[in-house]
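Engineer: Sharing a structure below in structure tokens format, with a few things to ask.
Each reported figure results from applying straightforward, stated rules to the coordinates on display, with no laboratory input. These numbers come from a predicted model, not from an experiment. Neighbour counts are summed over all protein chains in view; Cβ atoms, including those assigned to glycine, are modelled from backbone coordinates with ideal geometry.
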Amino acid sequence: MIKWMVSMASLLILPLDGNAQQWQGQITVDSRVGYSTNTILNPFHGEWDRSTGSGYGLIAPMGQLSRNSERYSADFSGGGVLEPFFDGRQTLKGGFALMNLRRRIGSSWSAGVETGSRYFSSSFDQSMVWVQPTLTWSPTLFSQIRLKAGSTFRDYSNDYQDQEEAEITQNDRFDLYGVEYEAWPTFTWRISTGVYGNMDDPTDNLSFMINSDQHISDAFRLTLRLNADSYSYQLMHEVGSGGTGGPIGGGDDGYITLDETDRLLRAGLSGRLRVSPSFSLTLNLDHLSLHSSASEQTLSDYQLSTGVRYTFQPSLGGRGKARAQWDQNGNQSVMLKVNYSGAGQLYLIGDFNDWENPGIPLSRQSSNRYAAQLSLPTGSYEYKILLIEGTEKKWIGFSEDTYTVSDGFGGSNGLVFIQ
């Protein structure tokens with residue numbers, strides 16, 4: 001029977017839209033209440049405890065900074081977590097910090113490194129530090145493959161009050177690898193898959209992941225998650241008793257060592273409804289199934305939570321983000337409307353003009369509203385918005401509610417589909 005388990009998958013990383021030669025940022029506060037029958041399903045917890053179901057609360061303020069240039073990009077993320085339980089157990093508290101650096105090394109290749117640390121404390125103390133070099137290939141505008149490999153260092157100790165639980169103290173190093181693939185079947189639907197394992201034995205203790213993220217409308221986003229994990233280990237089994245003898249130990253009790261496997265299957269569903277530019281309502285449902293060959297039984301657990309998410313995107317360096325809206329007026333006639341607060345002249349650059357600089361000028365209709373009329377054949381088009389102020393040129397990042405896809409270098413391109 002599993003007594004405890006640690007999962008790095010509880011880290012919540014919030015993406016930052018935009019690709020600009022400047023600092024851009026996002027601040028998010030996630031708050032929710034929920035109930036789980038196993039604390040490993042709780043956000044950020046990652047500790048196996050199904051002794052009793054419990055309600056919980058959560059408040060998690062987080063921030064992210066991003067800077068991109070022609071060849072380099074960097075993302076810095078960090079946050080804190082406070083998760084009180086309603087059944088009297090110790091409150092979970094802690095935080096994390098992440099850094100992702102990348103350099104473009106070709107038209108479709110980039111290399112970088114991901115590093116981070118985290119610390120959480122409750123009935124246990126757990127700290128982790130990891131470093132993973134990465135290599136990303138973007139064979140098309142709508143797909144990319146990422147390879148990563150590196151080391152994770154963990155310090156762990158528990159403080160169980162239950163006398164049946166043995167105290168555990170561990171210092172571990174894991175050399176892990178991952179192969180990830182992302183694709184956009186449509187401009188509102190993204191699929192992410194991944195295979196992860198240990199470099200000491202690449203075919204043992206594997207983890208599989210597949211996520212489907214779809215924008216149902218401008219305000220509603222739905223995410224489906226499926227994770228499958230396999231953990232192999234050896235367990236001593238007693239054979240014989242008393243004076244009957246056995247394969248080991250003569251007249252004493254005998255033991256044999258057998259290879260055992262725990263298999264976990266986790267399915268999740270998340271929905272987010274934006275009710276204003278800054279506030280969203282969230283709903284999360286998870287189910288976990290564990291089958292252990294040692295006990296020959298299957299255990300099932302679930303988690304349900306609902307909450308409110310606050311998102312704020314500050315203007316750093318005096319710049320804002322652009323919200324792009326496309327209206328199709330006829331078979332080939334489209335109107336682009338852009339909301340942007342800031343000085344300078346905006347230009348539209350994309351597939352429709354072969355990305356020529358400076359692009360199509362946007363006419364200012366009001367103090368923060370721009371527009372352009374285009375005639376485009378049926379198809380999908382990627383684009384960016386360029387700001388020219390004096391002799392300075394900068395890409396303008398997109399707001400969260402603008403449809404975007406990865407540009408293969410840590411940033412985003414706007415995407416529009418003309419029917």
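Engineer: Looking at the square roots a ≥ b ≥ c of the eigenvalues of the Cα gyration tensor of the stretch 23-110, which shape do they give, rounded for a/c under 1.5, prolate if a/b is larger than b/c, or oblate? Mind showing how you got there, number by number?
Structural biologist: Values: a/c = 4.02, a/b = 2.54, b/c = 1.58.
Prolate, because a/c is 1.5 or more and a/b exceeds b/c.
Engineer: Out of the chymotrypsin sites (Phe, Trp or Tyr not before Pro) in the stretch 55-99, which ones are loop residues according to DSSP with at most 13 other C-beta atoms within 10 Å? Please list the in-between numbers first.
Structural biologist: On the way: sites: Y56, Y72, F76, F85, F86, F96; in loops: F86.
Passing both the DSSP loop test and the Cβ count: F86.
Engineer: Let me ask you something else. Any of K337/K394; K148/K394; K148/K393 with alpha carbons more than 23 Å apart? Name them for me.
Structural biologist: Among K337/K394; K148/K394; K148/K393, the Cα-Cα distance tops 23 Å for K148/K394; K148/K393.
Engineer: Let me ask something else about it. Let me know the shape class of the stretch 43-184, please: from the alpha-carbon gyration tensor, a ≥ b ≥ c as square roots of the eigenvalues, rounded when a/c is under 1.5, otherwise prolate if a/b is greater than b/c, or oblate.
Structural biologist: On the way: a/c = 2.58, a/b = 2.10, b/c = 1.23.
Judged from the Cα gyration tensor, the stretch 43-184 comes out prolate (a/c at least 1.5, a/b above b/c).
Engineer: With a point put 7 Å past each Cα toward its Cβ, work out how far Q297 is from L281 in nm, to one decimal.
Structural biologist: Calculated label separation equals 3.9 nm.
Engineer: Next up: Using 7 Å Cα-to-Cβ label points, what is the F86/D200 separation (nm, one decimal)?
Structural biologist: Going from the F86 label point to the D200 one covers 4.2 nm.
Engineer: Moving on to the next point. Shape of the stretch 350-419 from its Cα gyration tensor (a ≥ b ≥ c, root eigenvalues): rounded if a/c is under 1.5, otherwise prolate when a/b > b/c, or oblate? Spell out each step's value before the answer.
Structural biologist: On the way: a/c = 1.44, a/b = 1.18, b/c = 1.22.
Judged from the Cα gyration tensor, the stretch 350-419 comes out rounded (a/c under 1.5).
Engineer: Within the stretch 39-97, list the trypsin sites (Lys or Arg not before Pro) lying in a DSSP loop whose Cβ has at most 12 other Cβ atoms in a 10 Å radius. Provide the component values of the computation, followed by the final result.
Structural biologist: Numbers: sites: R50, R67, R71, R89, K93; in loops: R50, R71, R89.
Answer by residue number: R71.
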